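Engineer: This is the structure, below, for whatever I ask next.
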Amino acid sequence: METATSHEPAERGQDTSARATSPTSSAPPAITDASPFATRSPLDDRALSIVEATPLADLQGLVDRARVAQLAWADVSVRDRALAIGKIKQRILARAEEIAELVHRECGKPIEEAALAEVLPNADLVDYWTSAIEELLDGTTIELDALSYPGKMGRIHKDARGTLALITPWNYPVAIPLRTLVPALLAGNAVLFKPSEITPRAGALVASLFAGILPEGVLTLVQGGGDIGSALVAAEGIDLVVFTGSVATGRRIAVACAERLIPCSLELGGKDAAIALADCEIERTSNGIVWGAFTNAGQNCAAVERVYIDKGVADRLIPKIVAAAKALRPGVDTAMITTQKQCAIVRRHLADAVAAGGEILVGGAPEEGSLAFPPTVIKLATEDTALMREETFGPILPIFIVDGEDDAITRTNASKFGLTTSLWTRRYNHAHTLAKRLRSGVVTINNHGFTAAIPSAPWTGAGDSGYGITNSAHALAELTRVRFVLEDRNGAKRELWWYPYTPVLRTIAFAMAKLRGGAGIGGRISALFKLIGALPKRLTGG
Ligand code: NAD
């Protein structure tokens, strides 16, 4: 056993942990350009540790090594794989503060949020998969009709897919990779993991959790930007690409995979709606929507990015939402925008919406250059603006008043995205009926967006949100390859359907068609007599 990353291009010269650049350290160290990597913290612009990219020229060799390692890893019993990977739970929990601090510095999210979203659910994740995997990978025997298929038995196996490329974004840089790494490795795959160039230090930390517990080459950390990502997808020997990120990149990856006839799993963007019906519980709805919109400064694929409020409750609910947004403490409750590029998109969407007549109820764009975008609530009279159509990925909560639930559902489903939708109402049975009409991979009733943290609940989307499935047994369908094995103990010299093709065989075939429903009762009786006459002839060579 060797550490997963000991042989990888690692960070140059500095500690991978946030301690190296903690807020309490003295003056920011001088740094050299480490393009394409982010080099400064969104929190305070202080220097982050330098990260070195994996040389493009090394990539094919790393994939080749992973392929060899995968064959041996798949031979390890499922139980032993589970015992090995189960060890990372304790490592995650023991390093909770280090993980939260690193994510805090590298992404700019509050420490509490980092601990709650990037540490604790991962312990549940490891528990779920290590205890469920043996049963989930267990083969199944299928029933075969003894008359049609005498002496035969069939078994369905779930084998590892092979060698995977895992490419991930920056917004949840620990939790998102682990959601695939844990089940993929348990299923016997080898993984080449490329974290985002915005959060390479969190990526290195994730890989380090597996250090010393996996054979060499089973998990390989690949650092770099889009060029390395696309070279990884194109590398000879990748059997599956698991991608979480933007629609534009996802589309490119889907095309590249289609060319090579390899599958890909795509978890892409969102434009989640929260629908507040007239009978919603005002306090819970306002608090839930505000959390759903502003956690991680809205940099969440499942952030509330549209709120449709029934006109019957708008006058009571909107002031509560505004008050809850106003009460958020900058830097304590709210995250920074992680990159200037993202901040520019958020500014543009807000400016477009204001130009389209939107009324800002609280917040507004910060001064140029600042990443501390305040929670912003805006009331719109038109949906004809990027703020209601494109993914904003920022702390803006657009409110649109609707004329009843049908109006809300039509508008929700009109989006090209279909990740998650929340329904806020006290009529639970009715909400379940409405849920069936929503074009969303996840629907939550009186809550929003947190279910990605539940390892047994499938996380998936529709439309431009992609078709990948993370979490739950359903995710294993992507991470494994089905193999059917048939065993034949029939001692006969030949099967009924083998050569030679004769008139007797033709009689048998058509008689069987009639017997199975191709004729009325009279036709079936006559077919039965024909079959009884023909079968012995066939068995004696006719
Ligand atoms: P991105 O598409 O810019 O980058 C994602 C990853 O793809 C990065 O590692 C990047 O280096 C890599 N990449 C870029 N170009 C590539 C190429 N041509 N080939 C291969 N890899 C390439 O996305 P981002 O800005 O890092 O992440 C934000 C997006 O992720 C948002 O749209 C968000 O909604 C989405 N997201 C979706 C989910 C989900 O579960 N559906 C979860 C989190 C984030």
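Rule-based calculations on the coordinates, nothing more; no lab input. The structure presented is a predicted model; accordingly, all values stated were derived computationally and were not measured. We place every Cβ from the backbone using ideal geometry, glycine too, and count neighbours over all the protein chains shown.
Engineer: Determine, for S208, S49, the number of other Cβ atoms within 10 Å of each Cβ, and report the residues in order from fewest to most.
Structural biologist: Ordered by Cβ neighbours within 10 Å, fewest first: S208, S49.
Engineer: So for each of 109-121, 520-532, 352-364 I average, over its residues, the number of other beta carbons within 10 Å; can you give me the resulting order with the highest mean first?
Structural biologist: Ranking, from highest mean packing down: 109-121, 352-364, 520-532.
Engineer: For the stretch 425-542, with equal point scatterers placed on the C-alpha atoms only and solvent neglected, what are the log10 I(q)/I(0) values from the Debye formula at q = 0.14, 0.22 1/Å, to two decimals?
Structural biologist: Relative scattering, expressed as log10 I(q)/I(0), comes to -0.72, -1.26.
Engineer: Ranked by Cβ crowding within 10 angstrom, fewest neighbours first, how are C257, C280, C301 ordered?
Structural biologist: Ordered from fewest to most neighbouring Cβ atoms within 10 Å, C257, C280, C301 come out as C257, C280, C301.
Engineer: Toward the positive end of the charge dipole of the chain, about the Cα centre and with charges on Cβ (Lys, Arg +1; Asp, Glu -1), which of I88, C301, A234 goes farthest?
Structural biologist: Projecting each Cα onto the dipole axis, the largest value belongs to A234.
Engineer: With the Cα gyration tensor of the chain giving a ≥ b ≥ c as the square roots of its eigenvalues, does the rule (a/c under 1.5 for rounded; else a/b larger than b/c for prolate; else oblate) give rounded, prolate or oblate?
Structural biologist: oblate
Engineer: Among the trypsin sites (Lys or Arg not before Pro) in the stretch 272-352, which ones are in a DSSP loop with at most 16 other Cβ atoms within 10 Å of the Cβ? Mind listing them?
Structural biologist: Passing both the DSSP loop test and the Cβ count: K311.
Engineer: Just to confirm my numbers, what's the Cα centroid distance between the stretch 281-303 and the stretch 344-386 in Å?
Structural biologist: Their Cα centres are 17 Å away from one another.
Engineer: Sticking with this structure for a sec: What FRET efficiency, computed as 1/(1 + (r/R0)^6) with R0 = 22 Å and r the Cβ-Cβ distance, is obtained for R155 and Y499, rounded to the nearest 0.05?
Structural biologist: The pair R155/Y499 has a calculated efficiency of 0.20.
Engineer: Let me ask something else. Note down the relative contact order for the chain as a percent, whole number, built from C-alpha pairs under 8 angstrom at least six residues apart.
Structural biologist: Result for the chain is 16 percent.
Engineer: Starting with the fewest neighbours, write out V206, V126 ranked by other beta-carbon atoms found within 10 Å of each beta-carbon.
Structural biologist: If I rank by nearby Cβ atoms, fewest first, I get V126, V206.
Engineer: Sort the following peptides by mean Cβ neighbour count (other Cβ atoms within 10 Å, averaged over residues), highest first: 457-466, 415-424, 137-146.
Structural biologist: Most protected by this proxy first, the peptides run 415-424, 457-466, 137-146.
Engineer: Then there is this: Among G394, W498, T421, flag the residue with its Cα farthest along the positive direction of the charge dipole of the chain, charges on Cβ as +1 for Lys/Arg and -1 for Asp/Glu.
Structural biologist: It is W498, whose Cα lies furthest towards the positive end.
Engineer: Just need the relative contact order of the stretch 272-457 here, percent rounded to a whole number, with Cα pairs under 8 Å and 6+ apart.
Structural biologist: Relative CO of the stretch 272-457 lands at 30 percent.
Engineer: To continue, here is another question. Treating only the Cα positions of the stretch 272-457 as identical point scatterers, give the base-10 log of I(q)/I(0) from the Debye formula at each q in 0.11, 0.16 Å⁻¹.
Structural biologist: Each listed q maps to, in turn, -0.42, -0.92.
Engineer: Among A325, T285, G523, flag the residue with its Cα farthest along the positive direction of the charge dipole of the chain, charges on Cβ as +1 for Lys/Arg and -1 for Asp/Glu.
Structural biologist: Comparing the listed Cα positions along the dipole, G523 ranks first.
Engineer: Could you derive backbone 3J(HN,Hα) for the stretch 199-206 from the dihedral phi with the Karplus parameters 6.51, -1.76 and 1.60 (θ = phi - 60°), listing whole Hz in sequence and x where the residue is Gly or Pro?
Structural biologist: After applying 6.51 cos²θ - 1.76 cosθ + 1.60, I find 10, x, 6, 5, x, 5, 5, 4 Hz.
Engineer: Placing +1 at every Lys and Arg Cβ and -1 at every Asp and Glu Cβ, with all other atoms neutral, what dipole size does the chain have around its Cα centre, in debye to the nearest 20?
Structural biologist: Taking the Cα centre of the chain as origin, the dipole is about 2480 debye.
Engineer: Can I ask one more? Could you tell me whether the stretch 174-299 comes out rounded, prolate or oblate from its Cα gyration tensor? Rule is a ≥ b ≥ c as square roots of the eigenvalues, rounded for a/c under 1.5, then prolate if a/b exceeds b/c, otherwise oblate.
Structural biologist: It is prolate, given that a/c is not under 1.5 and a/b is the larger ratio.
Engineer: Something else now. Between A256 and A57, how high is the FRET efficiency from 1/(1 + (r/R0)^6) when r is the Cβ-Cβ distance and R₀ = 35 Å? Nearest 0.05.
Structural biologist: FRET efficiency, A256 to A57: 0.95.
Engineer: Return one number: the angle in degrees, 0 to 90 and rounded to the nearest 10, between the long axis of the Cα atoms of helix 521-539 and the longest principal axis of the Cα atoms of the chain.
Structural biologist: Relative to the chain, helix 521-539 is tipped by roughly 70 degrees.
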